[in-house]
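The structure appears below as structure tokens.
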Amino acid sequence: MKCHEVDYEIIGDDMQIVEIELDPGETVVAEAGTMNYMEDGITFEAKMGDGSQPSSGLFGKLMNAGQRMLTGESIFLTHFTNSGAGKKRVAFAAPYPGKIIPMDMTRVGGELLCQKEAFLCAALGTQVGIAFTKRLGAGFFGGEGFILQRLRGDGLAFVHAGGTVIEKKLRGETIRVDTGCIMAFTAGIDYDIQRAGSLKSMFFGGEGLFLATLSGTGTVYLQSLPFSRMADRILRHAPSEGGSAKGEGSVLGGLGRLIDGDR
């Protein structure tokens, strides 16, 4: 199925929104709960599947739903369609600080492998599936487990990454990356896991026990702030979890937070 041709505008800096313009009859498919606002004339419907194979039948839709369950996502995708006259706009918000990256699937070879929660929305016709890592070590120690998201199509897809996004083009080269910092890579990249140096470096270097090794010919997209790292830092410094309350400005400490209703 040829993807719908949609126009877009990305708004914001660190908490971005992608505003997609739909011609009459055009549809964009998005993860449940990501819609921010839409103009009158846009209708939406939760469907079991991405709509890329309309003749797949019930069994195909159930298979697609089962694959999405493996990635930890909702089994439903929301389809937003311009049912009115003239151009209409619908916007989708990133779930945490970072960047929304527009991917022209024709320029990345029609296929992109992403971390499980990277997909935000895409033009109807884009296939949103899963891919299994080929290496046992990558599955156990790769940070993303055995399952990655696979996007296929010939239109626009939008993915989200934490922090700043770095694009690396490899031409038969190899790059070693913190396992959580991989956002996406094209089909020509081989993904494996290797031990992070000596035993002393592994346990006391602060970079984890394993590093991801990406090699081959293609493009790698890296994120500077994985959500898991940000959440870990927040929890570590939360006073309720034993962290210190710095910069609160209250001489009462914990009693002051209790009075303020913060605890």
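The values are calculated or read from the model by the stated rules, or taken from the named source; none is laboratory data. Since the model is a prediction, treat every value here as computed from it, not as a measurement. Don't worry about glycine lacking a Cβ; one is built from the backbone with ideal geometry, like all the others, and counts go over all protein chains shown. These accessible areas exclude ligands, DNA and RNA; they are computed on the full protein's heavy atoms, side chains included. Shrake-Rupley method; radii C 1.70, N 1.55, O 1.52, S 1.80 Å.
Tabulated values for the structure
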{"item": "Residues being open to solvent by 50 Å² or more (accessible area, probe 1.4 Å), under 17 Å from the mean Cα position of the chain (by Cα) and not hydrophobic (A, V, I, L, M, F, W, C) - total across the stretch 14-29", "result": "1"}
{"item": "Residues being open to solvent by 10 Å² or more (accessible area, probe 1.4 Å), part of a strand (DSSP E or B) and within 17 Å of Ala161 (Cα to Cα) - total across the stretch 76-118", "result": "6"}
{"item": "Whichever residue in the stretch 30-47 is crowded, with 17+ Cβ neighbours inside 10 Å and outside any strand (DSSP E or B) and, among such residues, is farthest from the chain's Cα centre (by Cα)", "result": "Gly41"}
{"item": "Some residue of the stretch 174-186 being modelled with pLDDT of 85 or more, closer than 24 Å to Cys121 by Cβ and open to solvent by 50 Å² or more (accessible area, probe 1.4 Å)", "result": "no"}
{"item": "Failed criterion for Arg135 (all others in (1) farther than 15 Å from Ala157 by Cβ; (2) among the basic types (Lys, Arg); (3) touching an Asp or Glu at 6+ places or on another chain (Cβ under 9 Å); (4) at pLDDT 85 or above hold)", "result": "(4)"}
{"item": "Hits in the stretch 162-173 - residues which are closer than 22 Å to Phe119 by Cα, surrounded by 14 or more Cβ atoms within 10 Å (Cβ to Cβ) and out of contact with any Lys or Arg (no Cβ under 7 Å at 6 or more places or on another chain)", "result": "Gly162, Gly163, Ile166, Lys168"}
{"item": "So Ile20, is it modelled with pLDDT of 95 or more and among the β-branched types (Val, Ile, Thr)", "result": "yes"}
{"item": "Total residues in the stretch 27-51, condition aliphatic (A, V, I, L, M) and more than 12 Å from Thr126 (Cβ to Cβ)", "result": "6"}
